[in-house]
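Asker: Attaching a single structure in structure tokens format; questions to follow.
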Amino acid sequence: MLVNMKEMLKEARKKKMAIAAINTPAFDLVRAAVEAAEELKTPVILDHASAHEDAIPMEVIGPYMVECAKSASVPVAVNLDHGLSMNMCLRAIKCGFSSVMYDASYLPYEENLAKVKEVCDMVHPLGITVEAEIGRMPGFGNHGGIDPKDKSGFYTDPEVARDFAVRTGCDALAVCVGTEHGFYEAPPVLDLKRLEEIRAAVPEETALVMHGSSGVSFSDLQAAITAGMSKINYYTYLSIQAAPKLQKIIAENPERTYYHNLTSCAYEILKQGAKEIITCMRNGQ
């Protein structure tokens, strides 16, 4: 069933678990994520990232995401990931998304706050939830003048998180405690004490979100969940799981490899990967 993120994240917080938010820039990924969640009888969030617009536009993949969510036997939220403008958020809503992330973290703090509050005031009456981000998440060159080698320069201040959450009324807030987008050159080190402080500072109804969780060990992810994370985005390391098997299939018969055999194989691998991620996020529940 298609739902927004509010109740699923509230329930996750209560149970000290998190909801996996999986980016789905391909039809097989959508099906794999939803069917993995159904088999585990666990809610899931389907994310469409603005970074994937070149790979597949929102208007192409979005309606399929929404229809799969509606027909699912478990709660499924469909969320815009890193929406960089009000127009992008409105496009997602037009596609039927139940949640949007308005990422204005690239702007000065007060401008970010004002834009997020504007979208919250606009879409909350429609039953649509809003995610936001404060600070700068490392990765993809998004350093904002901070030395990328000094991860502490990206960490979220608990009091700033409280101020932002209270003044905007956002439902979910992405914070920085040691992760980064994309691939890691060195194992990430999470500041769990800071995460606990952020969790204690923000309102109870504000869910905390981890971006850049791919590459973080499952044990560290579970420690972060216990410390207060309720939504964890996962894509990069899931997306590369199918490639070795597909390369082997192509190498064995390069001139007579059917495309549908490749997608069928990829789907099975992606579904198994999604099940492992969702199971991790359940944190023993």
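Asker: Taking amide hydrogens as modeled 1.01 Å from N in the peptide plane, which residues meet the under 5 Å criterion relative to GLU133, leaving out close sequence neighbours?
Answerer: Hits under the 5 Å cutoff: ALA104, SER105, ALA174.
Asker: Obtain the radius of gyration and the Kirkwood radius of segment 157-285 from its C-alpha atoms and give Rg over Rh.
Answerer: 1.12
Asker: Right, here's the next one. Rounded to the nearest 0.05, what FRET efficiency is calculated for LEU90 and ALA114 with R0 set to 25 Å and r the Cβ-Cβ distance?
Answerer: 0.90
Asker: Now for a different question. Using each residue's phi in segment 269-278, evaluate 6.51 cos²θ - 1.76 cosθ + 1.60 at θ = phi - 60° and report the 3J(HN,Hα) Karplus result to the nearest Hz, with x for Gly and Pro.
Answerer: Those phi angles translate into 5, 5, 5, 5, x, 5, 5, 5, 5, 4 Hz.
Asker: Once both labels are modelled 7 Å past Cα along the beta-carbon direction, what's the GLU276-SER264 spacing in nm?
Answerer: Once both label points are built, they end up 2.3 nm from each other.
Asker: Could you go through segment 32-41 in sequence order and give the Karplus-derived ³J(HN,Hα) for each residue, using 6.51 cos²θ - 1.76 cosθ + 1.60 with θ = phi - 60°, rounded to whole Hz, and x for Gly and Pro?
Answerer: My calculation for segment 32-41 gives 5, 5, 5, 5, 5, 5, 5, 5, 8, 6 Hz in order.
Asker: Kindly flag which residue pairs out of LYS15/LYS193; LYS16/LYS117; LYS117/LYS275 have an alpha-carbon separation exceeding 23 Å in this structure.
Answerer: From LYS15/LYS193; LYS16/LYS117; LYS117/LYS275, over 23 Å: LYS16/LYS117; LYS117/LYS275.
Asker: Now a separate question. Give the dimensionless ratio obtained when the Cα radius of gyration of the chain is divided by 2.2 N^0.38 Å.
Answerer: Cα-based Rg divided by the globular estimate yields 0.97.
Asker: Output ³J(HN,Hα) for segment 9-22: one whole-Hz value per residue in order, computed from phi by the Karplus curve 6.51 cos²θ - 1.76 cosθ + 1.60 with θ = phi - 60°, and x for Gly and Pro.
Answerer: 6, 4, 5, 4, 4, 4, 8, 6, 10, 9, 9, 6, 10, 10
Asker: Hey, if we sort VAL60, VAL209 by accessible area with the 1.4 Å probe, largest down, what's the order?
Answerer: The most accessible residue leads, giving VAL60, VAL209.
Asker: When the chain is treated as a GNM, springs tying every alpha-carbon pair under 10 Å, which of GLY182, GLY62, GLY83 comes out with the largest mean-square fluctuation?
Answerer: For the chain, modelled as a Gaussian network with Cα springs under 10 Å, the answer is GLY182.
Asker: On a full-extension model of 0.36 nm per residue, what is the gain between GLU255 and ASP54, subtracting their alpha-carbon distance, rounded to one decimal in nm?
Answerer: 69.5 nm
Asker: Another question about this same structure. Between GLN241 and SER73, what is the spin-label point distance in nm, taking each point 7 Å from the Cα along the Cα→C-beta axis?
Answerer: If labels sit at GLN241 and SER73, their model points lie 2.1 nm apart.
Asker: Could you work out the relative contact order of the chain, using alpha carbon pairs under 8 angstrom and six or more residues apart, expressed as a whole percent?
Answerer: 22 percent
Asker: Quick one: grab Rg to one decimal and Dmax as a whole number for segment 1-86, Cα atoms only, in Å.
Answerer: According to the Cα coordinates of segment 1-86, Rg and Dmax are 12.5, 38 Å.
Asker: Using 0.36 nm per residue, how much length does the chain from THR226 to GLU38 gain when fully extended, once their Cα-Cα distance is taken away?
Answerer: Taking THR226 through GLU38 to full extension adds about 65.3 nm, to one decimal.
The values are calculated or read from the model by the stated rules, or taken from the named source; none is laboratory data. Model, not experiment: these values are computed from the prediction. Using ideal geometry, Cβ is built from the backbone for each residue, glycine included, and neighbour counts are taken over all protein chains shown. Side chains are part of the model used for accessible areas, which takes the heavy atoms of the whole protein and leaves out ligands, DNA and RNA. Shrake-Rupley method; radii C 1.70, N 1.55, O 1.52, S 1.80 Å.
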